[in-house]
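J.: Starting off with a structure, shown below.
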Amino acid sequence: MVVVLTLALSIGANTAIFSVLDAILLRPLPYPEPQRLGSLSQGNSGPFGATYPVRIDRDTWAYLRDNVPAVTAAVVSKASGVNLQAGGRVHYLHGQRVSASFFEVLGLRPMLGRSFTAEEDSLGGPRAVVLSYRLWKNTFDGDSNIIGQAIRLKSVPYTVIGVLSPRAQTPARADLWTSLRPDTSEEGGGDNYQPILRLNHGASWQQANAQLSQLQSVTSRVLQKKYPGARFSYYAVPLQQSLAVASRTPVMILMSAVGFVLLVACANLAGLALVRVGRRESEIATRLALGATKWAILRQFWMESLLLSTAGVVSALLVGGLTLQFMNRRIPEDFLPLGGASMDARVLLFTAAAGIGASLFFGLLPALNTRRIDVRAALAMGSTRSVAHSGTTRTRSALIIGEVALTVVLLTVAGLLIRTLVYLRTLPPGFNPENVVIARASLDDARYSDRASFLKLLSESTAAMQSTGGVSSAAVGLTVPYEQALNYTIKIADGLQAGNEDITNLVYVTPTYFETLQIPLTAGRVLADTDGSNSQYVAVVNAAFARRYLGGRNSIGRHLFSDGNTIEIVGTTADVITPPGFTPGGPMVAEPTVYVPAAQMPSQLVNLAHVWIQPSWIVRTNGKSVGVTRQMQQALARVDPNLPISGFYAMGDVLSDALLLQHMEVGLLTTLAALALVLSSVGIYGLVSNLVTQRRREIGIRMALGCTLRGAMFEVGRTGITATVVGLAGGLLLSSVAVKVLRSQLFGVAVYDPLTLCVVSALLILVALCAALLPTLRIANIDPAETLRAQ
């Protein structure tokens, strides 16, 4: 039972993590000839010298489409929220804009209807939409006559031209797809397109890369501005590699961790098997004396281990399946591959291989120990022979050292990630997150494409929420702290950096935004109701912006340029933490941010922002938030009954979403480290317990000759403690190499953090002392007089 349970937990964990790794890195994408699919990457020989997936603008897309004959290309926009009116209701959905060639490049054909034409993908062309099977089934009741019908999407009529099959999967999870219509006057302003390439038959990726190198001449204007003097080179990478870029490092870390757990488990089981061999030494000697070969003995031991491993593998499949179900529910969608992770034939083969490998490790090692048995001595001693000889004890001690060393590595990695998460969660937020409730809705809607209707919605909805009982303040902002803001180009108008242009965070807000979030004002004034479209354009900047672009001096009265307007800085606020703009999964930091009145935002910029970002309605309650979400929904419905809320959030939820990857890593690695610690403690307990049994007669004689109980306990227990200390030293040395892989995952904590190493060492020694002490307590039951009479 111990063997089967240990294998079930350790191999089951390996099965679950390998299923994720298989789905992300190994399983072919669910498209025809997936090896011919690629994405566009960009190498930068400038200040960053990095390679990363690239997004392109309209001009680069036009060149890629028309001047790279080795590939057929498509581009897609980032999936965003859209509102659909159907069946007398308004539904909030996820939509994605795609080029006409998107479905053809992926090799997908609609189950009903067709895909987009070039005319529908051009400026001023017909508005068309392709539905997912689930949307077609759930919202339109599977109506086969839907093709050719008009539906209202974003308050604009779209013609349904196709429905995908239930098995069709696209790289981004979406409910519907509309034509891209790439132009600066269209949705998204002709920017942020992600390319997908299909290698044409008869062409090679080398030819494609040679043609892609010419893209440098039309590379994104934004990148050229941000990295002046840098040289960019474009080349193709496999689409699967591009989709896995964010999850590759975390999943490899997790796979290494579960591999360590399996090694710890095998070492533990090998130690138990050594005891079993010792107890059967007389039997083995008898069989050898009667003519059995050592190969027959060795084969029997391995077959017994293989039988146990088979039971362990069957149990591991159950444990792995349950663990995988839990992970599919809790792991971020962006981390999981298309279709989620599942157990396929490759996973089953891996599990079987892990079971066979485990049986070899903990079966053959003890079996080889039988080669040292002295048949004559074993038969002469008979049943009075010790349970195990010193060679067995040394072997078991070596296994414990290995277990402890691997456990130290896992504990150190988990400790560093815990420290990182604590650091990120306890960063001073720069505002008061308590008693704040947020509602989001998509304003990527034709009804709010002009400034007047947009401002009317903000004014009336915030007033309605402000008048709700229990609400002390209400506001609207394009984004809130802990969220990625809109990246926009701002030019410094005066001062030492006059003329400098850079991309910074831009947030439109209503006047009560700073009051509602309680963001401290450090200089000047906040935005006011009088800051309208007919008054001087103004902005409030945070301290990080002032430090980076204004020399940290008094910024009041300084000016910025944006969209042909001169903007006067009228106030400075404290920093609030947000994710860095160009580092997905990075730490929360104080990014330079410009806050502008929603009333002074150009309509084109508002529409551009709403394509990617859903604005937030923010209320601060008087302490009790029970029923506030229902009241917020009713308040918004009174102003616009056809505007669905996509979700409600507390500020803690927003922070947790921003740190979702860190939470997942900490949870999984802490669980694995705890499992390894338990297995190591069981191994130490087993080693010392076996020594107590083995040396029972010796201990009785020593105590009869004057040895104290404490001395006898120390004499036996020090074997386990010594193995722990040596393993701890080896583990710390191994950790110094292993943690280098974590550099990109650690924030606010050093790779060789003294506190983490001290806590890990103290925890391991404490557990080892307890594991070694408990079996030595049995020494108190030894009667020296009875031992002497038995001798």
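The values are calculated or read from the model by the stated rules, or taken from the named source; none is laboratory data. Treat the numbers as computed from the prediction; the structure is a model and nothing was measured. Here Cβ is always computed from backbone atoms with ideal geometry, including for glycine, and neighbour counts include all displayed protein chains. Remember, those area values only see protein heavy atoms, side chains included, never the ligands or the DNA or RNA. Shrake-Rupley method; radii C 1.70, N 1.55, O 1.52, S 1.80 Å.
J.: I'm checking my understanding of the structure. Among residues of the stretch 139-166 that are free of Cβ contacts under 8 Å to residues at least 12 places away in the same chain and assigned to a loop (DSSP other than H, G, I, E, B), which one is surrounded by the most Cβ atoms within 10 Å (Cβ to Cβ)?
T.: As a first pass, look at the stretch 139-166 and keep what is free of Cβ contacts under 8 Å to residues at least 12 places away in the same chain: 141-143, 145, 149-150.
Filter once more, keeping what is assigned to a loop (DSSP other than H, G, I, E, B): 141-143, 145, 149.
Working: D141: 9, G142: 12, D143: 14, N145: 9, Q149: 12.
If we take residues in the stretch 139-166 being free of Cβ contacts under 8 Å to residues at least 12 places away in the same chain and assigned to a loop (DSSP other than H, G, I, E, B), then D143 is surrounded by the most Cβ atoms within 10 Å (Cβ to Cβ).
J.: Answer yes if at least one residue in the stretch 483-498 is of a type in the set (K, R) and either assigned to a helix (DSSP H, G or I) or within 27 Å of the chain's Cα centre (by Cα) (or both), and no otherwise. Quick ask: steps written out before the conclusion?
T.: Here is the first cut: in the stretch 483-498, the ones of a type in the set (K, R) are 491.
Now drop any that are not either assigned to a helix (DSSP H, G or I) or within 27 Å of the chain's Cα centre (by Cα) (or both), which leaves none.
No, because not a single residue in the stretch 483-498 is of a type in the set (K, R) and either assigned to a helix (DSSP H, G or I) or within 27 Å of the chain's Cα centre (by Cα) (or both).
J.: What residue, of G700, G706, G731, G720, is at pLDDT 85 or above, over 30 Å from P428 (Cβ atoms) and not charged (D, E, K, R)?
T.: Answer to the selection: G731.
J.: Separate question: Among M303, M343, which is the only one that is more than 30 Å from V654 (Cβ to Cβ), among the aliphatic types (A, V, I, L, M), over 40 Å from the mean Cα position of the chain (by Cα) and open to solvent by 40 Å² or more (accessible area, probe 1.4 Å)?
T.: Going through M303, M343 in turn, just one is more than 30 Å from V654 (Cβ to Cβ), among the aliphatic types (A, V, I, L, M), over 40 Å from the mean Cα position of the chain (by Cα) and open to solvent by 40 Å² or more (accessible area, probe 1.4 Å): M303.
J.: Restricting attention to the stretch 304-315, does a residue exist that is over 30 Å from L21 (Cα atoms) and part of a helix (DSSP H, G or I)?
T.: The answer is yes; a qualifying residue exists.
J.: Then there's this: Looking only at residues in the stretch 735-774 that are part of a helix (DSSP H, G or I) and hydroxyl-bearing (S, T, Y), which one is most open to solvent (accessible area, probe 1.4 Å)? It would help to see each step written out before you state the result.
T.: So the first thing to find is which residues in the stretch 735-774 are part of a helix (DSSP H, G or I), and the list is 735-745, 754-774.
The next check asks that each one be hydroxyl-bearing (S, T, Y); those that pass are 735-736, 744, 756, 761.
Working: S735: 4, S736: 35, S744: 75, T756: 9, S761: 23 Å².
Within the stretch 735-774, the match that is most open to solvent (accessible area, probe 1.4 Å) is S744.
J.: Of a type outside the set (K, R) and touching a residue at least 24 places away in the same chain (Cβ under 8 Å): does that describe A100?
T.: On the way: of a type outside the set (K, R): yes; touching a residue at least 24 places away in the same chain (Cβ under 8 Å): yes.
Yes.
J.: Oh, and also: Please specify each residue of the stretch 695-713 satisfying the condition of being closer than 23 Å to V767 by Cβ, open to solvent by 10 Å² or more (accessible area, probe 1.4 Å) and either touching a residue at least 40 places away in the same chain (Cβ under 8 Å) or not in a helix (DSSP H, G or I) (or both).
T.: M713
J.: Within the stretch 77-95, count every residue that is open to solvent by 10 Å² or more (accessible area, probe 1.4 Å), under 16 Å from L180 (Cβ atoms) and of a type in the set (A, V, I, L, M).
T.: 1
J.: Test L728 against the stated conditions and say whether it is surrounded by 20 or more Cβ atoms within 10 Å (Cβ to Cβ) and in a helix (DSSP H, G or I).
T.: Working: surrounded by 20 or more Cβ atoms within 10 Å (Cβ to Cβ): yes; in a helix (DSSP H, G or I): yes.
Yes; evaluated as a whole, the condition is true for this residue.
J.: Let me ask you something else. Give me the pairs, please: first residue somewhere in the stretch 269-298 and in contact (Cβ under 8 Å) with a residue 60 or more places away in the chain and over 25 Å from A398 (Cα atoms), second residue anywhere and in a loop (DSSP other than H, G, I, E, B) and open to solvent by less than 60 Å² (accessible area, probe 1.4 Å), beta-carbon distance under 8 Å, and either six or more positions apart or on two chains.
T.: Between residues of the stretch 269-298 that are in contact (Cβ under 8 Å) with a residue 60 or more places away in the chain and over 25 Å from A398 (Cα atoms) and residues that are in a loop (DSSP other than H, G, I, E, B) and open to solvent by less than 60 Å² (accessible area, probe 1.4 Å), the close pairs are A285/I373; L288/I373.
J.: Then there is this: Read through the list (1) in contact (Cβ under 8 Å) with a residue 60 or more places away in the chain; (2) open to solvent by 40 Å² or more (accessible area, probe 1.4 Å); (3) not β-branched (V, I, T), then give the number of the only condition that M664 fails.
T.: (2)
J.: From the list G470, G495, which residue is within 22 Å of S562 (Cα to Cα), touching a Lys or Arg at 6+ places or on another chain (Cβ under 8 Å) and surrounded by fewer than 20 Cβ atoms within 10 Å (Cβ to Cβ)?
T.: Result of the check over G470, G495: G495.
J.: Restricting to the stretch 96-126, give me the number of residues that are touching a helix residue (DSSP H, G or I) at 6+ places or on another chain (Cβ under 6 Å) and open to solvent by 50 Å² or more (accessible area, probe 1.4 Å).
T.: 0
J.: While we're looking at this one, here's another question. Give the stretch 45-60 a look and list any residue that's open to solvent by 10 Å² or more (accessible area, probe 1.4 Å), out of contact with any helix residue (DSSP H, G or I) (no Cβ under 6 Å at 6 or more places or on another chain) and either in a strand (DSSP E or B) or at pLDDT 85 or above (or both), or say none.
T.: Result: T51, Y52.
J.: Kindly provide the set of residues from the stretch 410-456 that are part of a helix (DSSP H, G or I) and surrounded by 22 or more Cβ atoms within 10 Å (Cβ to Cβ), ordered by number.
T.: Across the stretch 410-456, the qualifying residues are L410, L411, T412, V413, A414, G415, L416, L417, T420, Y448, F454.
J.: Here is a follow-up. Could you look through the stretch 1-16, keep only residues that are open to solvent by 10 Å² or more (accessible area, probe 1.4 Å) and closer than 22 Å to L669 by Cβ, and pick out the one that is nearest to the chain's Cα centre (by Cα)?
T.: Step by step, filter the stretch 1-16, then rank; the result is A13.
J.: Just to be sure, is I161 out of contact with any helix residue (DSSP H, G or I) (no Cβ under 9 Å at 6 or more places or on another chain) and β-branched (V, I, T)?
T.: Against the criterion (out of contact with any helix residue (DSSP H, G or I) (no Cβ under 9 Å at 6 or more places or on another chain) and β-branched (V, I, T)), I161 qualifies.
J.: Any residue at all in the stretch 610-619 that's out of contact with any strand residue (DSSP E or B) (no Cβ under 9 Å at 6 or more places or on another chain), open to solvent by 50 Å² or more (accessible area, probe 1.4 Å) and touching a residue at least 40 places away in the same chain (Cβ under 8 Å)?
T.: Checking the stretch 610-619: not a single residue is out of contact with any strand residue (DSSP E or B) (no Cβ under 9 Å at 6 or more places or on another chain), open to solvent by 50 Å² or more (accessible area, probe 1.4 Å) and touching a residue at least 40 places away in the same chain (Cβ under 8 Å).
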